[in-house]
Amino acid sequence: MKDIVSSESAELFETRWPNLLVCFSVGDIFSTLGDYFRVEGLPQEVQGDFSCATLCKATEDAFLTLLNRGALDAFVRVTPLPPAAQEELDRMAGIMNPITDTAADAREVQRAAVAECARDYRSLEGSQFKQKWMNLIGPRSVYDAAICAGVI
């Protein structure tokens, strides 16, 4: 039973972090992780709940500990880490990139452009406004959106 859970948690670890692990000699990594657990013992969480999820989390923590200590440096195959691998390492370490809502960002850019168009409508001379907002396709769509929004 213990061997099955260990094997399945190793597979789970590999499927969670494929881009990161391809940058290392995986056999050496797992050997070193095994040595780490033999010396340090299994964490309390794993002893209380010997499951794939808790063992995989303990493996992630051990990987980060060994990486920070420089114990995995000899097994690195790719330096610097490619962006996908670095992203996985950051996620494993709990460093999250800010989640961007591209739709919300696009709406905010559109709102700002419509507001600028409305200000220009009130402050520029007719020919200046026409040259800036009505002669090109992009600005014209902002002008049309401003009309639809009722700000012009």
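The values are calculated or read from the model by the stated rules, or taken from the named source; none is laboratory data. The structure presented is a predicted model; accordingly, all values stated were derived computationally and were not measured. Cβ atoms come from the backbone with ideal geometry, glycine included; neighbour counts cover every protein chain shown.
Of all the listed residues (Thr59, Thr79), the sole one being of a type in the set (S, T, N, Q), in the same structural domain as Trp17 (by TED's automatic domain parsing) and modelled with pLDDT under 95 is Thr79. Of all residues being surrounded by 11 or more Cβ atoms within 10 Å (Cβ to Cβ) and among the acidic types (Asp, Glu) in the stretch 101-118, which is nearest to Tyr143 (Cα to Cα)? Just the residue, please. The qualifying residue nearest to Tyr143 (Cα to Cα) is Glu116. Taking the conditions (1) under 10 Å from the mean Cα position of the chain (by Cα); (2) within 26 Å of Gln44 (Cα to Cα); (3) in contact (Cβ under 8 Å) with a residue 60 or more places away in the chain in turn, Met92 satisfies each one other than (1).
If we scan the stretch 38-50, do we find a residue that is free of Cβ contacts under 8 Å to residues at least 24 places away in the same chain, among the small types (Gly, Ala, Ser), outside any loop (DSSP other than H, G, I, E, B) and surrounded by fewer than 15 Cβ atoms within 10 Å (Cβ to Cβ)? Yes, there is a match, as at least one residue in the stretch 38-50 is free of Cβ contacts under 8 Å to residues at least 24 places away in the same chain, among the small types (Gly, Ala, Ser), outside any loop (DSSP other than H, G, I, E, B) and surrounded by fewer than 15 Cβ atoms within 10 Å (Cβ to Cβ). Once the stretch 51-65 is narrowed to residues that are among the small types (Gly, Ala, Ser) and in a helix (DSSP H, G or I), the residue that is farthest from Glu11 (Cα to Cα) is Ala62.
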